[in-house]
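The numbers here are math on the coordinates, done by the rules we state, and not lab data. The structure displayed is predicted, hence computed values, not measured ones. All Cβ positions, glycine included, derive from the backbone under ideal geometry; neighbour counts span all protein chains shown.
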Amino acid sequence: MFIHFSLILIIYKRNKINFSQDSYDDLFNAIENNLRELGLGDVAVNKKMKNLNKIFYDILLKINKSNDNLIINKNLVIKYFPQLDDSNSKKYEYFNQYFINFYNFCFELHPETMIKDALNFKV
């Protein structure tokens with residue numbers, strides 16, 4: 001979810017369009033509400049939200065290794081998905097291609113409907 005959201009934010013930045021703070025707030029409010037529904041208390045929710053916010057910004061700031069095209073930072077992906085580090089597996093290649101396709105799909109959407117239309121993305 002954070003990688004998808006990060007790519008959408010990168011597209012907004014590249015198109016020099018301001019992203020609504022409300023959409024950002026809605027995402028993290030939904031996560032917080034889900035943690036509370038799982039039975040976590042205030043202290044645990046605050047601690048988890050702080051950690052999730054750090055993870056989100058780590059992904060947002062480091063996911064793309066290029067200023068021109070999307071080049072997924074493999075080291076960052078492996079950090080959060082260590083199961084993709086198997087050298088005999090094609091899992092990372094599928095993962096990488098999925099997010100490049102998602103980025104290209106979203107890049108062509110109108111910014112006003114990007115988040116809503118991104119939900120319809122099919123591989």
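So here's what we get for this one:
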{"quantity": "Residue identified as touching a Lys or Arg at 6+ places or on another chain (Cβ under 8 Å) and in a helix (DSSP H, G or I) among VAL45, VAL77", "calculated": "VAL45"}
{"quantity": "ILE59 hydrophobic (A, V, I, L, M, F, W, C), within 22 Å of HIS110 (Cβ to Cβ) and in contact (Cβ under 8 Å) with a residue 12 or more places away in the chain", "calculated": "no"}
{"quantity": "Count - residues of the range 48-74 that are touching a Lys or Arg at 6+ places or on another chain (Cβ under 7 Å) and not polar (S, T, N, Q)", "calculated": "1"}
{"quantity": "Single unsatisfied condition, PHE105 versus (1) in a loop (DSSP other than H, G, I, E, B); (2) under 17 Å from the mean Cα position of the chain (by Cα)", "calculated": "(1)"}
{"quantity": "Enumeration of residues in the range 60-74 that are assigned to a loop (DSSP other than H, G, I, E, B) and either surrounded by 12 or more Cβ atoms within 10 Å (Cβ to Cβ) or in contact with a helix residue (DSSP H, G or I) (Cβ under 8 Å, 6 or more places away or on another chain) (or both)", "calculated": "ILE63, LYS65, LEU70, ILE71, ASN73"}
{"quantity": "Criterion: assigned to a helix (DSSP H, G or I) and surrounded by 14 or more Cβ atoms within 10 Å (Cβ to Cβ) - qualifying residue of TYR98, TYR57, TYR94", "calculated": "TYR98"}
{"quantity": "Subset of the range 8-41 (residues that are assigned to a loop (DSSP other than H, G, I, E, B) and not basic (Lys, Arg))", "calculated": "ASN15, ILE17, ASN18, PHE19, SER20, LEU38, GLY39, LEU40, GLY41"}
